[in-house]
Amino acid sequence: MITLQSSDKDVFEIEQSILIQSGTIKNMVEDDFTFIPLPSVDTETLIKIIEYMKKHADKTDSKEKNIKEFDKDFMKKTLNELFALVFAANYLHISSLLELLYPSIADRIKDKITEAIRQIFSIRCDFTPEEERRIIMDNKWAHEGTEIEGTLD
Amino acid sequence: MGANASSIDTKSDDQLAFLSVKSNLDDVPEACIALVLSYLDPPEISKLARVSRVFRAAASADFIWQPKLPSNYKYIFRELLGLKVDGLGLKDLYAKLSRPRSFDAGTKEVWIDKNSGGVCLAISSKRMTITGIDDRRYWNHIPTNESRFQTVAYLQQIWWLEVDGDLEFKFPEGTYSLFFRLHLGKATKRHSRRACNYEHVHGWDLKPVQFQLTTPDGCRVTSRCYLDNIGTWMQHHVGDFVVKDGTVPTKIKFSLTQIDCTHTKGGLCVDSVLICPSSLAKELSYC
């Protein structure tokens with residue numbers, strides 16, 4: 001059994017066989033660590049990560065459809081939760097989870113306007129007005145004439 | 001601008017420390033955002049560059065743009081346009097390619113579709129071999145801003161209509177469609193209003209014109225079509241060709257003919273030939 005400690009100092013005891021889905025944890029286990037502090041992952045996120053790994057630990061054929069359903073539901077979280085998961089999964093090197101998260105998040109942010117994204121994530125715009133104008137100019141190519149014939153017809 | 005984001009595949013302790021996550025998105029690792037963005041289309045990626053500095057840097061990561069650029073982008077920049085590629089971020093190269101660029105002494109234009117990165121080409125009538133082009137009784141080059149080349153070949157009247165062209169170009173692998181851009185009637189501008197002169201339009205309803213495309217493997221695709229649609233620019237679909245090897249130049253030939261000498265025909269503007277990936281061709285009007 002391996003003990004994980006979240007950034008909130010909560011501890012979780014999990015079987016090694018489940019945790020080796022995380023490349024990071026696997027490396028530490030191979031170096032004989034049994035207590036692994038994770039200062040970058042909060043309790044809420046760690047619980048979800050453990051839930052994911054438990055479900056994916058048993059990859060026999062009969063469970064495959066089950067796992068797919070689980071994955072679909074697992075993605076039904078707020079954008080903030082998904083981002084917290086992607087950073088944690090990135091740090092922990094859980095590639096199967098990342099491959100689920102990246103396209104899901106991409107899909108959720110693509111139709112949102114700039115201001116909406118900033119609000120959702122409480123990001124302040126750190127550009128000067130001049131810089132922002134410059135970026136809009138630099139990216140103008142992406143929004144010009146959608147037709148092949150351009151301005152002609 | 002545009003620091004290359006490190007790929008998550010190379011893992012040293014320093015990089016792991018760099019990737020340590022904090023809860024505030026302001027501290028978000030650039031590489032992580034870049035990986036999310038890599039699943040989006042180019043216009044969406046560039047839109048998100050506006051969100052914050054981290055997003056802007058992530059949006060410029062070369063690894064995102066490498067797979068989106070056409071495989072022949074270096075050929076286009078270096079050999080066709082005579083431009084340098086080294087030292088420029090791939091996002092910038094993609095942006096540059098998305099606007100039409102003229103080459104071959106202004107007789108051709110090349111660009112990529114901004115959503116898919118598909119390579120498109122236009123070839124001016126100036127680059128084609130037109131029977132009787134030097135005889136002003138038959139053909140004239142007339143200036144017009146309705147052509148991306150600012151000029152079209154206008155046919156007043158002729159018995160033997162033959163327009164031939166050929167192309168050698170290193171296309172990325174894929175299937176491409178070729179079109180002739182034609183217009184019945186002579187468009188002019190009167191007091192900023194578009195006017196059309198139809199006095200020479202005749203003979204198109206008697207016999208169809210023939211389009212032909214010779215594909216890279218030597219096959220000939222032929223189609224016939226009655227030209228109608230007076231007063232509108234039409235892209236007439238000539239045929240498709242497949243490029244199997246993107247590392248060598250593809251050679252094709254194309255033609256528009258109507259050589260039935262029992263009647264004359266006239267009033268036709270020949271602007272250009274358009275080549276684009278077949279997947280993009282559906283939105284064009286053609287016969």
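Bear in mind these aren't lab numbers, they're just calculated from the coordinates by the rules spelled out. Please read all numbers here as calculations on a predicted model, not as lab measurements. No Cβ is skipped: glycine too gets one built from the backbone with ideal geometry, and neighbour counts run over all protein chains shown.
Here are a few things to note about the model shown:
- Residue within region A:7-16 that is farther than 23 Å from B:Leu37 by Cβ and polar (S, T, N, Q) present: yes
- Of the criteria (1) charged (D, E, K, R); (2) at the interface with chain A (Cβ under 8 Å from one of its Cβ atoms); (3) surrounded by fewer than 22 Cβ atoms within 10 Å (Cβ to Cβ), which one B:Lys84 fails: (2)
- B:Gly246 being out of contact with any strand residue (DSSP E or B) (no Cβ under 6 Å at 6 or more places or on another chain), in contact (Cβ under 8 Å) with a residue 12 or more places away in the chain and surrounded by 13 or more Cβ atoms within 10 Å (Cβ to Cβ): yes
- Elements of type strands (runs of 3 or more DSSP E) contained in region B:105-167, each with 1 or more residues being touching a Ser or Thr at 6+ places or on another chain (Cβ under 6 Å) and under 23 Å from B:Val201 (Cβ atoms): B:119-124, B:139-143, B:151-155
- Region B:202-241, residues that are loosely packed, with under 15 Cβ neighbours inside 10 Å and β-branched (Val, Ile, Thr): B:Thr222, B:Ile230, B:Thr232
- Residue among A:Asp71, A:Asp42, A:Asp8 that is loosely packed, with under 14 Cβ neighbours inside 10 Å and on the phi < 0 side of the Ramachandran plot: A:Asp8
- Verdict on A:Ser95 being among the small types (Gly, Ala, Ser), within 14 Å of another protein chain (Cβ to nearest Cβ) and in contact (Cβ under 8 Å) with a residue 40 or more places away in the chain: yes
- The conditions of being within 30 Å of A:Ile120 (Cβ to Cβ) and surrounded by 23 or more Cβ atoms within 10 Å (Cβ to Cβ) are not met by B:Ser38.
- Residue that is surrounded by the fewest Cβ atoms within 10 Å (Cβ to Cβ) [pool: residues in region B:265-276 that are more than 10 Å from chain A (Cβ to nearest Cβ) and part of a strand (DSSP E or B)]: B:Gly266
- Matching residues in region A:76-93 - criterion: being over 10 Å from the mean Cα position of the chain (by Cα) and either farther than 15 Å from A:Lys48 by Cβ or aliphatic (A, V, I, L, M) (or both): A:Leu92, A:His93
- Residues of region A:101-112 that are within 8 Å of the chain's Cα centre (by Cα) and either free of Cβ contacts under 8 Å to residues at least 12 places away in the same chain or more than 7 Å from chain B (Cβ to nearest Cβ) (or both): A:Leu101 alone.
- Test: residue in region B:236-252 that is aromatic (Phe, Trp, Tyr), within 26 Å of the chain's Cα centre (by Cα) and farther than 22 Å from B:Ala153 by Cα: yes
- Region B:41-81, residues that are within 13 Å of chain A (Cβ to nearest Cβ) and among the small types (Gly, Ala, Ser): B:Ser46, B:Ala49, B:Ser52, B:Ala57, B:Ala58, B:Ala59, B:Ser60
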